[in-house]
Amino acid sequence: MGCRICEKACPLNNISMVNKKPIWGENCTHCMACISKCPKKAIEFGNTTQGKTRYLLKDYVPVKNL
Ligand code: SF4
């Protein structure tokens, strides 16, 4: 949808927008930030992430608080 959230989420500036679509460069560390922050779950890493939960920092519960 061209929201650019993935582009902004990438710590390595590895995503650029072309015609409102994200294009991934060659500098990916597979941190999964772009995948996890997409509000539409529109980004997949092949079959690996299909149907899997996306993790956001707000979902993180430190071990000491469990
Ligand atoms: S997985 Fe991480 S490093 Fe790779 S493109 Fe997405 S946000 Fe950038």
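Computed from the coordinates by the stated procedures, all read-outs in this text should not be read as laboratory data. All values derive from a computational prediction rather than experimental measurement. When we count neighbours, we look across all protein chains shown, and the Cβ atoms used for this are built from the backbone with ideal geometry, even at glycine.
I'd like the full set of residues that are more than 9 Å from the ligand (Cβ to nearest atom), closer than 20 Å to Thr48 by Cα and either in contact with a Leu (Cβ under 6 Å, 6 or more places away or on another chain) or part of a loop (DSSP other than H, G, I, E, B) (or both), limited to the range 3-33.
If the condition is that a residue be more than 9 Å from the ligand (Cβ to nearest atom), closer than 20 Å to Thr48 by Cα and either in contact with a Leu (Cβ under 6 Å, 6 or more places away or on another chain) or part of a loop (DSSP other than H, G, I, E, B) (or both), then Glu26 is the only one that fits.
Within the range 34-51, take every residue that is crowded, with 16+ Cβ neighbours inside 10 Å and in a loop (DSSP other than H, G, I, E, B) and give me the one that is farthest from the ligand (Cβ to nearest atom). Before you say what the answer is, go through the steps one by one.
Within the range 34-51, the subset crowded, with 16+ Cβ neighbours inside 10 Å is 34-38, 43.
This time we only want the ones that are in a loop (DSSP other than H, G, I, E, B), so: 38, 43.
Details: Cys38: 10, Ile43: 8 Å.
Looking at the filtered set, the residue picked out is Cys38.
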